[in-house]
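Heads up, the thing below is written out as structure tokens.
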């Protein structure tokens, strides 16, 4: 039988609430507002009593109903008699209504719009400061490394280098070959209009070597290693492992961040070189087979179009991207909040900030090259 | 022994905040050389925040922490790091470095701060592991052993450099009663053998009475230290109902001093 309430007035000023049926949370319970509106009709009511003669089974649904009703009545100065309530209900109510003296720490109430803007601005400002601070620490650690003062675990470093280099080769191969093929196709469609299809070789060669190889490798590494750096360091932060380094007087930046930055700074230019080669190979394959260009001619065009300066620009891209990915990953990891959600947020933010910074850095480098005429 | 025992740690007028929320105000106490000092109190009273301040991980809102008379938070970073090398810390979850084996965990501080050869370091590592009952586990990774063993291994790491002061954060948290008891015994042995000063943050009554020479009780509501002294004497002599309630798990309110309490 579903839970129901009905009212009567045994004596004037006393509202008797009859609780009948089964008061189960799963079956749904009446709202205490029904009682409140009954009270509003009869303003002379000073007391509420309960009739539980027809109450069936009950669970915390009944207690929750009574709890809110009693709280409401307290503010209206209406007495609520607990008489007639089952002993278990009575006990739970007493427990819930007990006044706790401890003051509750302020919990982010909804702030005015301007406050939120100000908070956001301060947050961004704090973020920039902590980035500069972190870069400074990395620079100092690098200085100590050069002077041979930093502690450096060779085996661990080699492990990181392997993860950042050799283990990424398959993915870099696949993506670079496909990018080479895409560039060749797009170029071929346009150049066919002018009968200059052989210039596909120039387009693929220059685009891959100058920028696309580095950018593609960097995006792969940001998703692969930037994220894993953030997750690794984030979990160490959660497990107090970072604290343990600090209290041992060991700088986490020197010990954990340096090898990762160094590994990526070394491996990114090499991966860039590899991606350049695979991209050109992809373009070559598709041009000589599907587009039916002469292989020797294609090769000669590539050779004459891609100059050494293009290669240097590409490698500089790779070097800068290496720093960006490692710094974003490690910084987000070390800033990780101590919760499972924190690790997720750190990982996401490491990848997002790395990829955004990569695109911005590409724009800046391209602009500088334009200005100095490289 | 006629000589006066000097305080190793002095805390003066210390205020602690958790984020922007004040948790503790005006803390004042000192810890003497070679004693086991307990910081106790209910959950959320600021015990862990106090520990963070003591071990140099968090700057206090106000006040001073002195080690052998040197004000820790006024030193530059290099001196702070030097002072921190005198500390051993056993974290609540052990906080062993998960990418290192137990042996490497213990060896790292030795490699960094001593001039020992690799062979000598290996010997020290084996000794420290034997002290905590983990001989032969040097090649294991933290993920390969149980939580209790991790904690003991972490203690071996904490004492790798024979620290002057050892901090314990909730040593019995997550341990079965026997392992907790074993850790208490280890704490007592460390005090006797290494002569180390030991600070234990805990709310485990059994440990408090078993190992504590002195104890400070922090109270959440008044945000202050409400009692300091030997835990057994506090239980016998304190007139403060809050102290008696805490030390008897709320089973006795405030009975007259010296009376046996009955359930």
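The values are calculated or read from the model by the stated rules, or taken from the named source; none is laboratory data. Note that the structure is predicted; figures quoted are calculated from it, not measured. So basically every Cβ, Gly included, is an ideal-geometry build from the backbone, and we count neighbours across all protein chains shown.
General observations
- Every test in (1) in contact with a strand residue (DSSP E or B) (Cβ under 7 Å, 6 or more places away or on another chain); (2) touching a residue at least 40 places away in the same chain (Cβ under 8 Å); (3) surrounded by fewer than 15 Cβ atoms within 10 Å (Cβ to Cβ) is passed by residue B:154 save one, and that test is (3).
- The set of residues from the range B:58-87 being within 13 Å of chain A (Cβ to nearest Cβ), more than 13 Å from residue A:243 (Cβ to Cβ) and in contact (Cβ under 8 Å) with a residue 40 or more places away in the chain comprises B:85, B:86.
- Any chance residue B:190 is under 19 Å from residue B:86 (Cα atoms), within 16 Å of the chain's Cα centre (by Cα) and buried (at least 17 other Cβ atoms within 10 Å of the Cβ): yes
- Checking A:262, A:285, A:235, A:273 one by one, the residue that is part of a helix (DSSP H, G or I) and within 13 Å of another protein chain (Cβ to nearest Cβ) is A:235 and no other.
- Of all residues in the range B:18-37 being touching a helix residue (DSSP H, G or I) at 6+ places or on another chain (Cβ under 8 Å) and farther than 14 Å from residue B:165 by Cβ, the one that is farthest from the other protein chains (Cβ to nearest Cβ): B:27
- Any hit, the range A:246-256, residues being closer than 20 Å to residue A:165 by Cβ and away from chain B (no Cβ under 14 Å): no
- Matching entry among A:146, A:177 (being more than 23 Å from the chain's Cα centre (by Cα) and under 30 Å from residue B:109 (Cβ atoms)): A:146
- Any hit, the range A:1-24, residues being part of a helix (DSSP H, G or I) and either closer than 24 Å to residue A:86 by Cβ or touching a strand residue (DSSP E or B) at 6+ places or on another chain (Cβ under 8 Å) (or both): no
- Per-region count, the range A:172-189, residues surrounded by fewer than 16 Cβ atoms within 10 Å (Cβ to Cβ) and in contact with a helix residue (DSSP H, G or I) (Cβ under 6 Å, 6 or more places away or on another chain): 0
- Search result, residues across the range A:190-208 that are surrounded by 15 or more Cβ atoms within 10 Å (Cβ to Cβ) and over 19 Å from residue A:178 (Cβ atoms): A:191, A:197, A:198, A:199, A:202
- Of all residues making up the range B:219-243, the number that are surrounded by 14 or more Cβ atoms within 10 Å (Cβ to Cβ) and touching a helix residue (DSSP H, G or I) at 6+ places or on another chain (Cβ under 7 Å): 8
- Residues of the range B:104-120 that turn out to be within 14 Å of chain A (Cβ to nearest Cβ) and farther than 26 Å from residue B:56 by Cα, as a count: 1
- Meets criteria (under 24 Å from residue A:124 (Cα atoms), at pLDDT 95 or above and assigned to a helix (DSSP H, G or I)) for residue A:360: yes
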